[in-house]
Amino acid sequence: MEARSTQKHIRISPRKVSIVLDLIRGKDYAAACGILKTTPKAACEHILKLLNKVAADAEHNYSMNADNLMVSECFVCPGMTLKRMMPRGKGSADRILKRTSHITIALKEKE
């Protein structure tokens, strides 16, 4: 049994989010929360909120014990990209790509 949840259209680049997800992959729930609270990355706030949501779903909907939960799977997919223009010299313009992320986290009980 596994509890899974996704948060979409987060305004952080997937490359930056994947660095934080690599830190918590395979850890138990309490250790993952501790890592996210002490890591100084912008993505930690969104990932911690999603991790707490998945843990609450696991307890309430699947009757899992919160002390035995571990991060079984976590990954990030690129979302839509906002295209913006930045003026440059001689009347030209450069494109700015503002990337978004879809974050997925799955928790399961330890064997």
* Asked: If you scan segment 30-78, which residues turn out to be touching a residue at least 12 places away in the same chain (Cβ under 8 Å), over 10 Å from the mean Cα position of the chain (by Cα) and closer than 19 Å to S13 by Cα?
  -> L36, T39, K41, A42, P78
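What number of residues within segment 35-50 satisfy the criterion of being of a type in the set (S, T, N, Q) and in a helix (DSSP H, G or I)? Outline the logic, then answer.
If we filter segment 35-50 for residues that are of a type in the set (S, T, N, Q), which is where we start, we get 38-39.
In the following step, the residues that additionally are in a helix (DSSP H, G or I) were identified as 38.
Within segment 35-50, residues that are of a type in the set (S, T, N, Q) and in a helix (DSSP H, G or I) number 1.
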* To do: Considering each residue of segment 1-40, count those that are within 23 Å of N61 (Cβ to Cβ) and in contact with a Pro (Cβ under 8 Å, 6 or more places away or on another chain), and give that number.
  => 0
* Considering only segment 51-79, how many residues are crowded, with 19+ Cβ neighbours inside 10 Å and part of a helix (DSSP H, G or I)? -> 4
* Asked: Looking only at segment 80-111, which residues are charged (D, E, K, R), more than 17 Å from I19 (Cβ to Cβ) and part of a strand (DSSP E or B)?
  -> K83, R84, D94, R95, K98, K108, E109
* Asked: Is it the case that segment 4-26 has a residue that's free of Cβ contacts under 8 Å to residues at least 12 places away in the same chain, part of a helix (DSSP H, G or I) and within 19 Å of E109 (Cα to Cα)?
  -> no
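Bear in mind these aren't lab numbers, they're just calculated from the coordinates by the rules spelled out. Note that this is a predicted model, so its numbers are computed, not measured. Positions of Cβ are generated from backbone atoms using ideal geometry, with glycine treated the same way; all protein chains shown enter the neighbour counts.
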